Amino acid sequence: MLGSVHDAEDLVQETYLRAWRAYEAFEGRASLRTWLYRIATNVCLTALRHRERRPLPSGLGAPADDPEGPLAPPPEVTWLQPYPEHLVRADCGDPAGIVAARASLRLALVAALQHLPPRQRAVLILRDVLALRAAEVAGLLGVSVPAVKSMLQRARAQLGRAAPSEDDTAEAPEAYQRDLVDRCAAAFENADVTALMGLLTEDAVLEMPPTPSWFAGRASVGRFLRSRVLTVPGTFRAVATAANGQPALALYQRGPDGAHHAHAVMVLSVTAAGIDRVVAFREHGLFELFGLPRTFAPAPGGPMG
């Protein structure tokens, strides 16, 4: 609901604190699970009343016209954050359940990104991600079942206009994803723009929060990377990870000391046609959330990525 792992962790603690203080008044009319969801939902809705939505650069304006021109200065924006997949896997050990969790996570992140009002966002996540019954959601929010159904219908319609459907974001085969991720990592490490362009779809998008400039189309993305990013082989080292129910690469950039330091968590949207979106979250504090060190130091003679 919040679009931020840091904010979510804070409000989980607030939820448990409120539950502890109110537990003696818990009458058991609903399950403990439903009771906790009610507290968590209200905590989130209260927080969202006082916060701006967390966008990505593509939610703020049109793509940049000149990939080789100056980048726009970072605005005063609190950006959407990626969600480490290992936090999903910790809750679901069944392979089929993991696939379903990934799809739900993609939907939840899309919901957090879009312009959904907080209560519509809550209904969508409670119904379509957490699979609560309409009556349960009505009880959580203190509204009628018809009101829940109406809010869910409006939320789905908004996402249908602004985002791909579940069918369009269906998971590509695991082996295919691994191959694309491995080739993408090699292209970054070798500064091989030509190889990278072969992995992108024609309409691929590149975003790099907190930089508000973003690029649409394989040719535009390639020109930017060739002129500004992938200029010298060995500048980057890549480590495979996963976020938002999607494959990702943790990129480390070589510094003046010769070591490679945390640079970005790059989330890849993989389709049957190739990689159609790359979002490079350039927030160094994310590396700890992904269980990754700030400095990349491979063993002598060992693999680099």
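Any read-out appearing in this document is the output of simple, stated calculations on the displayed coordinates, not a laboratory observation. Note that the coordinates shown come from a computational prediction; the quantities given were computed from them, not determined experimentally. Don't worry about glycine lacking a Cβ; one is built from the backbone with ideal geometry, like all the others, and counts go over all protein chains shown.
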Exercise for the section: Kindly write out, for the range 238-247 in residue order, the coupling ³J(HN,Hα) from the Karplus curve 6.51 cos²θ - 1.76 cosθ + 1.60 (θ = phi - 60°), rounded to whole Hz, with x marking Gly and Pro. Expected result: 10, 10, 5, 8, 8, 8, 6, x, 9, x
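For Tyr23 and Val145 in one chain, what is 0.36 nm times their gap in residues minus the Cα-Cα distance, to one decimal in nm? Mind dumping the intermediate values first?
Working: separation 122, 0.36 × 122 = 43.92 nm, distance 2.65 nm.
Computed gain between Tyr23 and Val145 is 41.3 nm.
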Exercise for the section: Provide the FRET efficiency to the nearest 0.05 for the Thr211-Arg294 pair, computing r from the beta carbons and using R0 = 35 Å. Expected result: 0.95
Handout entry: Cβ-defined net charge surrounding Ala238, 15 Å radius [Lys, Arg +1; Asp, Glu -1]
Key = +1
Handout entry: Normalised convex hull volume, the range 174-267, alpha-carbon set, Å³ per residue
Key = 105
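What is the extension gain from Arg178 to Asn190, computed as 0.36 nm multiplied by their sequence separation minus the C-alpha to C-alpha distance, in nm to one decimal?
That pair, Arg178 and Asn190, stretches by 2.5 nm at full extension.
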Exercise for the section: Please list the non-local residues whose amide H lies under 5 Å from the amide H of Ala243, H modeled 1.01 Å from N, same-chain partners needing a gap of 5 or more. Expected result: Glu85, Ala248
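For a Förster distance of 41 Å, can you work out the FRET efficiency between the beta-carbons of Val12 and His261, rounded to the nearest 0.05? Please report the intermediate quantities before stating the final value.
Working: r = 30 Å, r/R0 = 0.73.
E between Val12 and His261, to the nearest 0.05, is 0.85.
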